[in-house]
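In what follows, a single structure is set out as structure tokens and then discussed.
The values are calculated or read from the model by the stated rules, or taken from the named source; none is laboratory data. None of the values given here were measured: they were computed from a predicted structure. Every residue, glycine among them, receives a Cβ derived from its backbone with ideal geometry; neighbour counts consider all protein chains shown. Keep in mind that these areas ignore ligands, DNA and RNA; they rest on the heavy atoms of the full protein, side chains included. Shrake-Rupley method; radii C 1.70, N 1.55, O 1.52, S 1.80 Å.
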Amino acid sequence: MNLELLNHVSAFIWQEADMLDHGDFDAWLALWAEKGTYIIPIDPNETDFENTLNYAYDDHHMRKLRVQRLIGGESISTSPRARTVRALSRFRVLGEEDGVVTVRCAQNLREFRKDVLKHYTADITFQLKREGECFKIQRKLIQLINSTDTLAGIGYIL
Amino acid sequence: MTNLIETVNLASSPADLVLHDRVHTSLYTDARLFDEELEKVFYSTWIWVAHASEIPDNGSYKSTYIGKQPVIVVRDRKKDVHVLLNRCRHRGATVCEHKKGKTNSFVCPYHGWSYALDGSLRGVPHPESYADCLDKGELPLVSLRVEQYNGMIFATFKDDIEPLVDFLGPAKKWIDLFMKQGAGYGVKVSGEHRFRFPGNWKIQLENTTDAYHFPLVHKSFLSSVDEQTLELFDFVKGPGYVEDLGNGHSVMVMIPDLVDLEANLDLPIPERFEALADELRAEGIEEEQVRRIVRAVGGSGFNLNLFPNVACSMAFFRVLQPVSVNETEIHHAVITMDGGPAVANRYRLRLHEHFQGPMGFGTPDDSEAWERVQKGAQAGTDLWIMLNRGLPGEKESEDGLISDVSAETGMRAAYQQWKKMMSA
Ligand code: FES
Ligand SMILES: [Fe+2]
């Protein structure tokens, strides 16, 4: 097991999580490769995300809009913004090809907004492109364990 | 003799709770009314259960609910559609727990009774213990009355109500217009967003023909689109209208230019669809068909509300399912072109993701507003929900009543039907 790589990707992913929980969105947007995709599918067995319906299938433009919606104060479901704490763990490097590391981990996210506490659990698979000493996110795939069930409105970035 | 069991009576009869221009708040909050609605509305009229494309082949099925009763919508070997109560005739277990799929039969997992696609009981394991007393012909899955209009499948528990086409009445022509978004291909449901909100089902029923809320609740969505699209969605001051179509159905025309997707094909292609048009042309599709597809991708310029549980809304079906007096489940089923160009369908999917669903830029804000209605409805016990917007300008039309685009005509239509059914 390449512990150095495992450490490296875990540190990167924890940093991403911290940015989202603490609203550091400019820094978060800068973590992405220009052509990176942010995907939250519905069907856990789906692999053709482009040609199927997802909860989110964001390119760079949509990610920026999503951030804008979060901070813009125009949406009654995102203001007040939900407070979130996400715990990521169980990192496993699945492989590396052409400078792209694929790593899977578990995410437990707690959300509190107005007077309700909610909980979302997901598998997350990152494709991280090496860029010098660091990484850029080429793909973030969020597979909620209850994606086929009814969800409530999610006004933040998972 | 004194009655030991207190008889439960509604303070007022349902008819007293619906006036011409307002309804009583207890319509959102009274659990006894909710139970009565299940009986008198959901189990007494035509309820939308599926679009034909969701069960395309022999053996394709979908499980869903009518009111609170689980049902299976299934296509049999002869391509006929059945709506079966999802309940084994032995001791009552559900025979299907998948949301959709394909099968030859439904086998109950408890003791193995098996049913054919039309619901008939085919086999019972170890029948010897019944000697000759078990008549399989008497114990099929209970089958409801089913009728279809232009791909929309409805079912009812009632054998004596009017045929579906009579129930739909003038709404039929709007369904036909809505299906033009197939652009000559078939209309196909390609997945759905499901979510729940803590509020009464009628709050969402009202919303489908409520243009009044759009610029406010969907401000953040409007900020996320280009100038041209923004203009298109600025319909509240526009020439659109709402029309009561009878039997609780109504239509809200937001963008009159987009009522008939096959008219005015020579209008300029909107900027946001220029790249799509180019890709379609590059695939060798003829200009006329390119324009037809591009217009279809944006969806129809109207919302058609069919009482009580389905709407044909721009480019998707909106289905509501009552869960309890203060909880409702909503499905937003996306529509694509069956066999149409993949690039056009991708546009459709991305547009749907942009607005709909738990992570869309529109739905969560609607949901928050509806949640607030339910919460606010707890304040004061004798207050009314106002539905008088657009009354002064309301006129008789060929099909019913018509008023301006942000009038509450559609809601008044729905509540009059509610009143009629609840008083029956
Ligand atoms: S309950 Fe279905 S076979 Fe017994
Ligand atoms: Fe809305």
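Structural remarks
- Within chain B, helix-based [θ] at 222 nm, where runs of 4 or more DSSP H residues each add -39,500 (n - 2.57), nearest 500: -7000 deg cm²/dmol
- Phi angles across the stretch B:218-226 convert, under the Karplus curve 6.51 cos²θ - 1.76 cosθ + 1.60 with θ = phi - 60°, into 3J(HN,Hα) values of 9, 4, 6, 5, 4, 5, 9, 10, 6 Hz, Gly and Pro given as x.
- Dipole magnitude of the protein assembly as shown, debye to nearest 20 (Cβ charges: Lys/Arg +1, Asp/Glu -1, about Cα centre): 1360 debye
- Average other protein chain Cβ within 10 Å of Cβ, residues B:215-225: 4
- Cα centre as origin, Lys/Arg/Asp/Glu Cβ charges: chain B dipole, Debye: 1220 debye
- Antiparallel bridges, percent of DSSP beta bridges restricted to the stretch A:3-144 (to nearest 5): 90 percent
- Under 5 Å, built H, 5+ apart or other chain: amide partners of B:Phe307: B:His249, B:Ser250
- Label-point gap, in nm, between A:Cys134 and A:Ile71 - each point 7 angstrom along Cα→Cβ: 1.7 nm
- Protection proxy ranking of B:90-103, B:70-83 - average other beta-carbon atoms within 10 Å, highest first: B:70-83, B:90-103
- Approximate spin-label separation B:Ser324-A:Thr148, in nm, with each point projected 7 Å along Cα-to-Cβ: 2.6 nm
- Packing-based ranking, highest mean first, of A:94-105, B:365-376 given that Cβ atoms within 10 Å are counted: B:365-376, A:94-105
- Largest-first principal axis extents, alpha carbons of chain B, Å: 75, 63, 39
- Only protein heavy atoms count here, probed at 1.4 Å, and on that basis chains A and B bury about 2800 Å² of accessible area in total.
- Top positive-direction residue, dipole computed over the stretch A:3-144 with Cβ charges, set A:Thr52, A:Thr102, A:Gly73: A:Gly73
- A simple count of charges around B:Thr328, restricted to other residues whose Cβ falls under 10 Å of its Cβ and scoring Lys, Arg +1 and Asp, Glu -1, yields 0.
- 5 angstrom amide H check on A:Ala56, placed H, neighbours 5+ away: A:Ile40
- Summarising the strand pairing of the protein assembly as shown, around 95 percent of its internal DSSP beta bridges are antiparallel.
- Simple label model, 7 Å out from Cα along Cβ direction - B:Asn388 to B:Asp135, nm: 6.1 nm
- Per DSSP, loop trypsin sites (Lys or Arg not before Pro) in the stretch A:2-67 with at most 14 further Cβ within 10 Å: none
- Fraction of accessible area attributable to carbon and sulfur, the protein assembly as shown (%, probe 1.4 Å): 50 percent
- For B:Tyr110 and B:His90, the difference between the fully extended length at 0.36 nm per residue and the C-alpha to C-alpha distance is 6.3 nm.
- Only aspartates and glutamates eight or more places from A:Lys136 in sequence, or on another chain, were considered; those with a Cα closer than 15 Å are A:Glu16, A:Asp26, A:Glu34, A:Asp59, A:Glu96, A:Glu97, A:Asp98.
- Take each residue of peptide A:43-56, count the partner chain Cβ atoms within 10 Å of its Cβ, and average: the result is 4.
- Test item: Cα-centred dipole of the stretch B:14-128, Lys/Arg +1 and Asp/Glu -1 on Cβ, debye: 580 debye
- Taking 24 Å as the limit for the C-alpha separation, the pairs A:Lys140/B:Lys99; B:Lys40/B:Lys202; A:Lys118/B:Lys100; A:Lys118/B:Lys40 exceed it in the case of A:Lys140/B:Lys99; A:Lys118/B:Lys100; A:Lys118/B:Lys40.
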